[in-house]
Amino acid sequence: MKSIISTIIVLILSTSLFSQGFISDVSKRGTTAAPFLSIGQGARATGMGSAFVAVSDDASALFWNPAGIAKTKGVGFMVDHTQWIADIDYNFMALAYNLGDFGVIGMSFTISDIDEMNVTTVENPEGTGEKFGVTDAAFSLAWAIQLTDKFAIGFNPKFVYQSIWKMTATALAIDMGVQYITPFDGMVLAMCISNFGTRMKLEGNSTLIIYDPDENSTGNNSNIPAYLQTDTWDLPLNFRVGVSYEPIKMDNNRLLVSVDALHQSDNYENVNVGAEYTFSDFISLRGGYKSLFLQDSEESFSLGFGLKQLVLGNVSILLDYAYQDFGRLSDIQKFTVAINF
């Protein structure tokens with residue numbers, strides 16, 4: 001009965017996903033706030049072309065599919081550093097803890113590392129002497145559970161924050177995902193909706209101005225404090241459907257392949273593909289291609305590798321690296337350290 005219920009839930013989510021107008025000829029590029037929420041976390045996932053919604057089984061699942069943390073046996077901790085384009089860096093930390101019959105809880109924190117910049121004006125194009133900063137941040141608390149030995153579901157509420165100089169914006173959102181191990185030789189089917197939440201609106205003293213409501217009158221107050229109105233913007237809502245499969249499952253040689261299909265509220269539909277070869281559960285080689293069928297995309301192939309070492313019997317330390325080509329925007333690199341015990 002539980003398996004039947006799980007299958008029904010998967011089918012309902014599939015129908016819901018494709019009923020949202022999965023195929024569209026309108027990209028809406030640049031029409032959302034907090035685009036950093038779409039930057040993938042974890043070098044393993046990036047090395048596999050970001051085709052990870054069905055693969056996710058470590059702390060990085062808090063980004064890709066919160067249902068994936070249900071696979072955590074004990075405690076999983078991860079730190080990820082991203083060298084992004086335009087000399088922007090992002091740091092991601094995630095923790096997952098198994099509560100036994102009560103499921104698995106997790107939390108994650110993402111923060112940007114952007115150097116301060118000079119404040120410039122029309123009158124002072126070289127700078128006014130002031131500096132301003134920019135911050136992107138997100139914090140989440142997640143919960144996932146194995147409803148059956150084949151089906152997991154997870155939820156990841158999050159708080160999103162952005163600031164630039166004297167302006168700030170906040171939002172609340174949630175990620176929801178499922179993973180289902182199908183009867184077809186262990187093939188995994190997964191789905192996730194990310195960043196479903198409130199809109200963001202920048203507000204602060206940068207919009208404060210002195211306004212004269214009637215410039216033609218000399219008897220009115222010409223120095224009325226007022227605020228310029230700013231618009232609200234949606235978060236980058238992402239739908240992912242993916243499948244993963246291990247065609248080779250020998251003791252010392254394992255091959256994992258995965259495919260994700262994406263529908264993004266700020267872009268066209270596209271597909272990610274990836275593969276991972278692991279030898280002796282020690283070294284992994286990865287490759288993938290992101291944004292297949294996406295017109296004018298600067299993202300393309302990615303490569304990566306990982307090392308895993310057991311210490312003290314049940315503690316595993318993982319080191320992962322990934323490189324992704326970004327076309328005219330050069331490339332990005334990711335470095336991840338994870339500990340599982």
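The values are calculated or read from the model by the stated rules, or taken from the named source; none is laboratory data. Given the structure is predicted, the values throughout are model-derived calculations rather than measurements. Reconstructed Cβ throughout: ideal geometry from the backbone, glycine too, with neighbour counts over all protein chains shown.
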- Members of region 71-86 that are surrounded by fewer than 24 Cβ atoms within 10 Å (Cβ to Cβ) and either in contact with a strand residue (DSSP E or B) (Cβ under 7 Å, 6 or more places away or on another chain) or on the phi < 0 side of the Ramachandran plot (or both): Lys71, Thr72, Lys73, Gly74, Val75, Phe77, Val79, His81, Gln83, Trp84, Ile85
- Is it true that some residue in region 54-65 is in a loop (DSSP other than H, G, I, E, B), more than 18 Å from the chain's Cα centre (by Cα) and not basic (Lys, Arg)? no
- Task: Check Ala152, Ala169, Ala142, Ala190 and return the single one that is more than 18 Å from Ser60 (Cα to Cα), of a type in the set (A, V, I, L, M) and surrounded by 14 or more Cβ atoms within 10 Å (Cβ to Cβ).
- Result: Ala169
- Residue selected from region 94-122 under the condition surrounded by 15 or more Cβ atoms within 10 Å (Cβ to Cβ) and assigned to a loop (DSSP other than H, G, I, E, B), by the criterion modelled with the lowest pLDDT: Ile114
- Query: Within region 160-186, how many residues turn out to be within 14 Å of Lys201 (Cα to Cα) and of a type in the set (Phe, Trp, Tyr)?
  - Reply: 1
- Being surrounded by 13 or more Cβ atoms within 10 Å (Cβ to Cβ) and among the aliphatic types (A, V, I, L, M) is the filter here, so list the residues in region 196-233 that pass it. Met200, Leu202
- Reported set for region 172-181 where residues are buried (at least 17 other Cβ atoms within 10 Å of the Cβ) and either closer than 20 Å to Ser108 by Cβ or out of contact with any Leu (no Cβ under 9 Å at 6 or more places or on another chain) (or both) is Ala173, Asp175, Met176, Gly177, Val178, Gln179
- When residues of region 280-294 are limited to those that are in contact (Cβ under 8 Å) with a residue 40 or more places away in the chain and under 12 Å from Leu256 (Cβ atoms), the one farthest from the chain's Cα centre (by Cα): Ser284
